[in-house]
Amino acid sequence: MNTGDASAIGPKFVEVGGVAHLQLTMAINDYDHLRDLAAGVVKADGIILTPLTLAVEEIFSRFTYHLEWDVSEMSFAKYVSLTAAGDAPMVAIPVFPSRVFRHSAFYVRKDSDIDKPQQIEGKTVGIPEWAQTAGVYVRGMLAELYDVDLRSIKWVQAGVNQAGRKEKVKLKLPDGIRYSSRQDASLNGMLVSGEIDVAITARPPLAFGESDSPIKRLYADARSEERKFYLETGIFPIMHVIAIRRDVFEANRWIAMNLYKAFEEAKDRSVERLADITASCIPVPWVATLVEEATDDFGGKLWPYGMQDNLPTLEAFCRYAYDQGVAGRHLEVEELFPKEVHAGVKV
């Protein structure tokens with residue numbers, strides 16, 4: 001991996017009100033639950049953050065290849081892959097800005113005879129990257145929940161809506177997996193033409209949004225399936241983590257917990273806003289009711305950070321990643337995060 005010259009430009013301490021603070025750059029997507037931290041309403045003790053709000057694809061590419069900022073949102077699968085290889089130039093904290101159930105990630109043609117996941121066995125399936133986090137969860141679900149033989153599928157890697165997308169980490173695919181890359185095509189085009197039977201992707205194919213689209217989701221009621229999946233497994237899929245450049249962390253190990261606490265406070269403030277029935281904070285009806293329902297489903301912890309409250313999800317993903325060749329070895333959950341954030345401090 002080319003990390004450019006980023007490591008040669010370390011963060012600096014600056015004086016604020018006579019007190020030294022570490023100045024860090026941070027790249028994140030635009031989330032309500034990170035908003036107060038990015039806006040400076042919530043502050044991490046001893047740290048001044050310079051936020052950069054970018055699309056996740058750009059964040060992942062620039063941070064994975066060049067480490068262009070000190071703190072970054074990052075693909076969970078890419079982080080697990082690099083960590084398992086022993087050469088990750090970053091360290092993650094158990095903050096999960098994006099969590100999405102992925103029953104909605106299956107796309108088929110409307111004239112397809114595929115109407116349940118078991119029928120994907122033996123078909124040609126398109127994916128943006130084998131190491132895309134969403135795909136890792138989907139394949140794990142297909143193998144363990146629906147008993148689909150992943151080796152029976154012809155996997156085709158390509159950009160979702162543009163040709164030319166490539167894998168970002170090295171893969172060691174399991175024996176028997178049939179995988180090829182198509183740099184000259186897109187999943188959208190191949191699904192519309194019938195060249196592939198299914199597309200599994202976090203970002204919808206362009207044709208899906210068209211009024212006369214030939215594409216549909218495999219699950220018409222994905223939410224019901226996803227709720228059932230969670231109640232049966234305890235898995236709430238983690239898509240992204242927050243990572244810190246390793247050299248910055250090693251020189252200032254205290255920042256891991258200070259950042260964690262700040263992210264936690266910003267998230268708690270967001271949930272409080274969403275649950276407030278006095279006024280609508282986002283333009284969606286019944287938000288407060290949805291928050292109540294989801295809180296009940298999730299045992300009172302709507303969007304948990306930390307290791308202990310996420311063990312079923314973290315353990316499952318480590319298993320999926322190893323079984324699918326995304327991770328070169330089976331990581332233990334404790335290896336994912338530094339010891340400084342393994343447990344919170346109770347008073």
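The values are calculated or read from the model by the stated rules, or taken from the named source; none is laboratory data. These numbers were taken from a predicted model, which means no experiment stands behind them. Using ideal geometry, Cβ is built from the backbone for each residue, glycine included, and neighbour counts are taken over all protein chains shown.
Data overview
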read-out	value
Any hit, the range 185-193, residues being in a loop (DSSP other than H, G, I, E, B) and either under 23 Å from residue 77 (Cα atoms) or under 23 Å from the mean Cα position of the chain (by Cα) (or both)	no
Test result for residue 147, over 13 Å from the mean Cα position of the chain (by Cα), modelled with pLDDT of 95 or more, charged (D, E, K, R) and not in a helix (DSSP H, G or I)	yes
Enumeration of residues in the range 294-324 that are at pLDDT 95 or above, of a type in the set (Gly, Ala, Ser) and not in a helix (DSSP H, G or I)	306
Qualifying positions in the range 12-33 - out of contact with any helix residue (DSSP H, G or I) (no Cβ under 8 Å at 6 or more places or on another chain), touching a residue at least 24 places away in the same chain (Cβ under 8 Å) and under 21 Å from residue 90 (Cα atoms)	23, 25
So residue 16, is it more than 24 Å from residue 170 (Cα to Cα), at pLDDT below 95 and either within 14 Å of the chain's Cα centre (by Cα) or not small (Gly, Ala, Ser) (or both)	yes
Among the residues listed as 207, 199, the single one being in contact (Cβ under 8 Å) with a residue 60 or more places away in the chain, assigned by TED's automatic domain parsing to the domain that holds residue 142 and either surrounded by fewer than 19 Cβ atoms within 10 Å (Cβ to Cβ) or not acidic (Asp, Glu) (or both)	199
Some residue of the range 235-247 being among the charged types (D, E, K, R), farther than 25 Å from residue 75 by Cα and either in a loop (DSSP other than H, G, I, E, B) or more than 20 Å from the chain's Cα centre (by Cα) (or both)	no
Condition check for residue 270: of a type in the set (S, T, N, Q), surrounded by 14 or more Cβ atoms within 10 Å (Cβ to Cβ) and part of a helix (DSSP H, G or I)	yes
Neighbours by Cβ (under 7 Å, 6+ apart or cross-chain): first from the range 224-243, within 15 Å of residue 318 (Cβ to Cβ); second basic (Lys, Arg) and in a loop (DSSP other than H, G, I, E, B)	237/102
